[in-house]
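The structure under discussion appears below in the form of structure tokens.
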Amino acid sequence: MHPLPPAPRIRLRRRPLALGLAAAIACASTGTRVHAGDFLVPVENCNDSGPGSLRDTIAASFNGDHLVLSPDCDTIALTSGPILIGNDSAGMPFTHLDIWNFASAPVTIDGGGVDRVFVQDAGANATLTFTHLRITNGRSIDSGGCVLAHGNVELANVEISECAAGSISGDAPTGGPVRGGGLYAAGTVTIDSSVIASNSVHENSVYAYGGGVFAGQELTLTASTVRDNSAHSVNGASYGGGIAAGNRSADVQATVTIASSTITGNTTESNCGFCGARGGGAWVHGTSTLTGGEVGENQAISSYGYGTGGGLYSHGPATLTGTGVHCNSADNAGGIGSTGTLTISGATLDCNSANASGGAVYLIGGDLALTDSTISANTAGSRGGGIFLRGYGDVATVNSTISGNSAANGGAIANTYGSLHLSNSTIAFNQASSHGAGVYFRYAYYPFELTSTIVAGNTNGSGPEDMWPPGLVVSGSHSLVVAAPGVDLPADTLSDDPLLAPLAMNGGPTETHALDAKSPAIDQGSNDAALPFDQRGEGYARVSGPAADIGAFEFGAAPPDEIFVSGFDP
């Protein structure tokens with residue numbers, strides 16, 4: 001668990017927190033209320049029910065109250081079912097209720113493995129807030145293994161773990177999709193400095209969504225960890241081993257914002273003969289934005305090969321900035337599966353694998369804009385070890401490196417019906433057992449533009465092969481391609497060995513291939529987009545010398561001497 005967060009501000013209260021709590025205790029003992037709602041109310045013991053218990057304190061509270069758990073309480077073991085949060089003591093819905101713990105250790109609220117822990121039944125606009133708790137061991141044959149909320153949920157420094165939802169062997173089928181092994185909220189979920197771990201949705205007959213968390217409309221995840229959760233359906237599809245957001249059947253578009261968080265070790269699985277398993281780490285039906293953090297070691301698998309998006313499956317626009325996508329696996333789209341516009345910048349996608357196509361990225365539909373990023377050491381059994389573009393979209397790379405990936409066709413990039421626009425990038429040392437170790441086009445007549453880009457050192461089973469097939473027409477200028485027999489390249493394309501150093505950290509947040517001082521790529525490129533920096537980012541000028549270098553790395557570009565610039569040197 002993370003350190004205890006600061007005590008939240010108390011609305012409409014002018015007295016210090018200690019005095020407010022003292023007043024709350026005094027008033028609670030005399031039965032006197034200062035006003036209805038917005039009041040600090042002490043929970044006096046750890047009992048399941050009865051006077052002073054959390055259950056009874058909620059029943060006696062008013063809308064907007066802030067419940068403070070006893071500092072002497074370690075565990076509340078529920079023996080009489082979930083704690084219901086519906087109407088307050090005045091008969092009005094709890095539109096807002098906070099449950100806080102200010103002790104140094106989190107208080108555990110344990111469902112005993114027989115029922116849910118909390119049920120929020122106060123309407124779609126209600127918000128339930130938990131602070132510094134551990135909610136665990138809940139069980140439901142329906143949605144929401146530990147927490148079921150018809151409105152919104154906010155978590156701060158909370159762990160939700162070892163919860164389960166759905167029908168397992170011997171349970172009656174629910175008749176509809178089951179969502180949220182740990183937490184289900186029909187509205188908005190806000191998770192800060194929290195852990196969602198080892199929860200599951202398991203269904204015999206229907207769809208399963210969100211092994212860890214399901215959010216119907218909006219999810220914000222900050223400085224948190226979602227790990228080792230699972231979504232599994234025997235005779236239906238499964239979506240989002242760790243996280244699922246949005247409503248596919250009703251086409252409700254969710255908004256997901258993830259910052260500085262880790263999504264790891266989650267699994268989505270389907271054993272249905274024609275059903276998909278999508279988004280091992282996260283599945284989003286809507287818009288998703290990831291900043292920093294890591295999506296790693298998740299998987300999407302299906303008995304019949306329909307697992308897609310080991311790390312992330314996005315049915316809508318997705319933006320990743322500085323996020324690591326690492327060692328995820330799936331039948332298709334080992335790292336990311338996308339049906340909308342996918343924008344990736346300052347990121348590393350490595351060690352992902354697909355049994356079929358799209359080791360790191362599989363564009364089912366839509367476009368990819370890849371900037372200042374590295375795609376390396378990914379594998380695919382069929383097409384696109386790094387990137388597979390299946391639909392009528394476009395892949396545009398700028399200041400990026402695609403290196404050391406492998407597939408049967410298209411070790412770095414494979415394209416079926418779309419177009420490629422590669423600029424100021426390096427495509428090197430990829431492998432294909434069949435064709436197109438660097439770039440593979442299934443049909444030679446789709447657009448391919450190459451500008452100030454290196455495509456070199458890529459090999460198939462019989463030797464060097466940077467591009468395939470013969471007859472492919474490439475537009476653009478100022479590039480270097482070593483081995484592309486039968487490919488129609490721009491007249492100014494160089495073909496000498498670019499003398500690339502091994503992939504390494506040469507500055508900046510991502511790995512690059514440095515140029516040897518004698519490289520023919522130096523000063524022979526262009527900077528048509530007026531980029532200020534090379535792939536490494538701020539301080540590494542895109543043009544160092546009379547012209548830009550070909551590829552993602554600029555020889556001689558280095559950040560200024562900070563000590564000298566700051567004036568410490570005389």
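Structure notes:
- Charge tally around V455: other residues with Cβ under 11 Å, Lys/Arg +1 each, Asp/Glu -1 each, net -2.
- With all pairs of separate Cα atoms included, the stretch 344-408 yields a Kirkwood hydrodynamic radius of 11.4 Å.
- Taking only protein heavy atoms and a 1.4 Å probe, the accessible area of the stretch 363-441 is 49% carbon and sulfur.
- Note on the stretch 88-164: Cα convex hull, mean projected area over all directions, 5.4 nm².
- Note that the chain presents 36 Å² accessible area per residue, ligands and nucleic acids not counted, probe 1.4 Å.
- The stretch 58-104: C-alpha gyration tensor shape, a/c 1.5 cut-off, then a/b vs b/c: oblate
- Overall Cα dimensions of the stretch 176-278 - principal axes, largest extent first, Å: 38, 28, 16
- For the stretch 269-352, the direction-averaged projected area of the alpha-carbon convex hull comes to 4.6 nm².
- Selected from F388, G180, F555, residue furthest toward positive end of dipole (the chain; charges at beta carbon): G180
- Of the residues I364, L349, G279, the one whose Cα sits farthest toward the positive end of the charge dipole of the chain, with +1 on the Cβ of Lys and Arg and -1 on the Cβ of Asp and Glu, is G279.
- The antiparallel fraction among DSSP beta bridges confined to the chain stands at about 5%.
- Residue-count net charge about G410 - beta-carbon cut-off 15 Å; Lys, Arg +1, Asp, Glu -1: +1
- DSSP beta bridge pairing in the stretch 139-237, given as percent antiparallel to the nearest 5: 0
- Using equal-weight Cα scatterers in the Debye expression, the normalised intensity of the stretch 235-293 in log10 at q = 0.15, 0.28 Å⁻¹ is -0.47, -1.14.
- Rounded percent of accessible protein surface that carbon and sulfur make up, the stretch 445-510, 1.4 Å probe: 59
- A simple charge model with +1 on the Cβ of Lys and Arg, -1 on the Cβ of Asp and Glu and nothing else charged puts the dipole of the stretch 120-223 at about 60 debye relative to its Cα centre.
- Global form of the stretch 393-479, assessed from the alpha-carbon gyration tensor, a/c cut-off 1.5: oblate
- Taking Cα atoms only, the orientation of helix 17-30 departs from the longest principal axis of the chain by about 30 degrees.
- For the stretch 397-488, averaging the sequence separation of C-alpha pairs within contact (under 8 Å, six or more residues apart) and dividing by the residue count gives a relative contact order of 26 percent.
- When the residues T79, T341, T493 are ordered by accessible surface, computed with a 1.4 Å probe over the protein chains alone, the sequence from largest down reads T79, T341, T493.
- Rule-of-thumb Rg ratio for the stretch 402-551 [Cα; 2.2 N^0.38 Å; N residues]: 0.98
- Using the average count of surrounding beta-carbon atoms within 10 Å as a protection proxy, the listed peptides 499-509, 440-450, 125-135, 234-244 rank, highest first, as 234-244, 125-135, 440-450, 499-509.
- Of the peptides 90-103, 306-319, 543-556, the order by per-residue mean of other Cβ atoms within 10 Å, starting with the highest, comes out as 306-319, 543-556, 90-103.
- Estimated from helices alone, the mean residue ellipticity of the chain at 222 nm is -1000 deg cm²/dmol (sum of -39500 (n - 2.57) over DSSP H runs with n ≥ 4, per residue).
- Tail weight of P(r) past 24 Å, computed on alpha-carbon pairs of the stretch 107-241, percent: 18
- Think of each Lys and Arg Cβ as +1 and each Asp and Glu Cβ as -1; about the Cα centre, that makes the dipole of the chain roughly 1260 debye.
- Carbon and sulfur %, accessible surface of the stretch 189-339 computed with the full protein complex present, 1.4 Å: 46
- Directionally averaged shadow of the stretch 308-454, computed from the convex hull of its alpha-carbon atoms, nm²: 6.5
- Projecting the Cα atoms of A377, Y443, Q120 onto the charge dipole of the chain, computed from C-beta unit charges around the Cα centre, puts Q120 farthest toward the positive end.
- For the chain, taking the reciprocal of the average inverse distance between every pair of different Cα atoms yields a Kirkwood hydrodynamic radius of 25.2 Å.
- Contact order normalised by residue count of the chain, Cα under 8 Å, 6+ apart, percent: 5
- Net charge contributed by nearby residues that have their C-beta within less than 12 Å of N45 (K/R +1, D/E -1): -4
The values are calculated or read from the model by the stated rules, or taken from the named source; none is laboratory data. Everything numeric in this text was worked out from a predicted model, so none of it was measured. Positions of Cβ are generated from backbone atoms using ideal geometry, with glycine treated the same way; all protein chains shown enter the neighbour counts. What goes into the accessible areas is simple: the full protein's heavy atoms, side chains included, and nothing from ligands, DNA or RNA. Shrake-Rupley method; radii C 1.70, N 1.55, O 1.52, S 1.80 Å.
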